[in-house]
1. Does any residue in the range 230-255 that is touching a residue at least 40 places away in the same chain (Cβ under 8 Å) come within less than 7 Å, Cβ to Cβ, of a residue that is outside any helix (DSSP H, G or I) and polar (S, T, N, Q) six or more places away or on a different chain, and which pairs are these?
2. Under 7 Å by Cβ, and 6 or more places apart or on different chains, what pairs join a residue from the range 98-126 that is within 17 Å of MET146 (Cβ to Cβ) and hydroxyl-bearing (Ser, Thr, Tyr) with one that is modelled with pLDDT of 95 or more and assigned to a helix (DSSP H, G or I)?
3. Looking only at the range 1-52, how many residues end up being of a type in the set (Ser, Thr, Tyr) and in a loop (DSSP other than H, G, I, E, B)?
4. Being open to solvent by less than 40 Å² (accessible area, probe 1.4 Å), of a type in the set (A, V, I, L, M, F, W, C) and under 30 Å from ARG223 (Cα atoms) is the filter here, so list the residues in the range 47-82 that pass it.
5. On the basis of being open to solvent by 30 Å² or more (accessible area, probe 1.4 Å) and either in contact with a Phe, Trp or Tyr (Cβ under 6 Å, 6 or more places away or on another chain) or under 20 Å from ALA35 (Cα atoms) (or both), does ARG223 make the cut?
6. Output yes when any residue across the range 88-103 is surrounded by fewer than 20 Cβ atoms within 10 Å (Cβ to Cβ), aliphatic (A, V, I, L, M) and either over 23 Å from ASP206 (Cα atoms) or out of contact with any Cys (no Cβ under 6 Å at 6 or more places or on another chain) (or both), and no when none is.
7. Select from the range 121-139 the residues that are among the acidic types (Asp, Glu) and open to solvent by 30 Å² or more (accessible area, probe 1.4 Å) and list them in ascending order.
8. Can you tell me which residues in the range 140-192 are of a type in the set (D, E, K, R) and surrounded by fewer than 16 Cβ atoms within 10 Å (Cβ to Cβ)?
Amino acid sequence: MQPSLIRKIPKQLLNPASGYLTEYSHTLNPYTGCAFSCSYCYVREMPVAKFRAESWGTWVDIKEGAAALLAKELLKARRKGPVTIFMSSSTDPYQPVEYREQLTRSLLEVMVQEQPDFLLVQTRSPLVTRDIDLLLQMKDRVRISMTVETDLEPVRRAFTPAAPPLAARMKALKQLTDQGLDVQAAISPVLPSSDQFAERLAEVVDRVCIDDFFMGDGSLGKRTERLGIRRIYEQLGMSEWYDRSAYQRVLSDLRAHFPTNRVYVSQAGFLP
């Protein structure tokens with residue numbers, strides 16, 4: 001189902017970072033809402049989603065005039081000190097509507113001209129490869145973090161049926177890495193995977209970060225528990241993976257295939 005699209009004029013684009021992203025100066029969300037509608041998304045439990053009449057994943061707000069506003073805000077922010085941006089904290093900047101709107105691309109074009117000190121692009125969409133030309137112009141100041149929670153497509157479909165297939169994400173990771181960009185695979189949150197997961201990641205990327213619901217949802221897993229995703233694990237017959245220690249088995253495999261200084265856990269992997 002296609003989400004309903006609403007065009008809105010934002011008052012502000014760069015928002016002060018806090019909580020999990022406290023090491024950043026700002027967060028930047030090109031859109032409000034996200035059509036990927038992942039079952040475990042912590043934003044479902046935030047006011048932006050809770051106080052909306054429509055269900056999360058069924059609507060997306062497009063921020064009109066965002067590029068011009070960002071150009072002004074960047075100049076102002078840089079006068080106050082280093083500008084480190086996390087894009088995005090409560091949406092995916094490369095969700096399907098971006099194919100047509102190219103809103104995220106327009107923001108990158110602004111940042112190429114007025115470069116922040118650091119930009120982290122967080123996405124699960126291979127569409128990010130479309131903007132390699134712009135990302136290369138910020139090569140030393142940008143990191144692309146691509147979510148790859150599992151290597152098992154049936155698991156991906158159970159938890160995130162509207163998200164891009166895993167094979168396409170792995171291909172995108174390799175393409176970005178081959179261009180010499182700073183790239184990481186974000187196993188965030190860790191979902192049930194095969195014994196070959198770490199080995200497969202090592203073939204396409206040289207940096208990984210692993211996180212789970214209990215470390216990364218901002219409430220020690222309570223937010224996620226309220227979403228009721230435990231039942232998805234039960235339906236898959238994989239209840240043992242919904243456990244505070246489950247990430248350790250994947251972490252052990254990652255450390256066997258990556259240098260120690262290229263494996264990050266939770267918040268450390270997302271710091272500027």
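The values are calculated or read from the model by the stated rules, or taken from the named source; none is laboratory data. Source: prediction; values computed, not measured. Cβ atoms come from the backbone with ideal geometry, glycine included; neighbour counts cover every protein chain shown. When the accessible area is computed, the model is the full protein with side chains, heavy atoms only, and any ligands, DNA or RNA have been set aside. Shrake-Rupley method; radii C 1.70, N 1.55, O 1.52, S 1.80 Å.
1. Filtered contacts from the range 230-255: ILE232/SER39; VAL250/SER193.
2. Correct list of pairs: THR104/GLU98.
3. First pass over the range 1-52, keeping only residues of a type in the set (Ser, Thr, Tyr): 4, 18, 20, 22, 24-25, 27, 31-32, 37, 39-40, 42.
Among the residues that remain, those that are also in a loop (DSSP other than H, G, I, E, B) are: 18, 22, 24-25, 37, 39-40.
Summing the residues that are of a type in the set (Ser, Thr, Tyr) and in a loop (DSSP other than H, G, I, E, B) in the range 1-52 gives 7.
4. Matches in the range 47-82: ALA49, TRP56, TRP59, VAL60, ILE62.
5. Values: open to solvent by 30 Å² or more (accessible area, probe 1.4 Å): yes; either in contact with a Phe, Trp or Tyr (Cβ under 6 Å, 6 or more places away or on another chain) or under 20 Å from ALA35 (Cα atoms) (or both): yes.
Against the criterion (open to solvent by 30 Å² or more (accessible area, probe 1.4 Å) and either in contact with a Phe, Trp or Tyr (Cβ under 6 Å, 6 or more places away or on another chain) or under 20 Å from ALA35 (Cα atoms) (or both)), ARG223 qualifies.
6. yes
7. Step one: filter the range 121-139 for residues among the acidic types (Asp, Glu), giving 131, 133.
If the condition is that a residue be among the acidic types (Asp, Glu) and open to solvent by 30 Å² or more (accessible area, probe 1.4 Å), then ASP133 is the only one that fits.
8. Answer for the range 140-192, where residues must be of a type in the set (D, E, K, R) and surrounded by fewer than 16 Cβ atoms within 10 Å (Cβ to Cβ): ASP140, GLU153, ARG157, LYS171, LYS174, ASP178.
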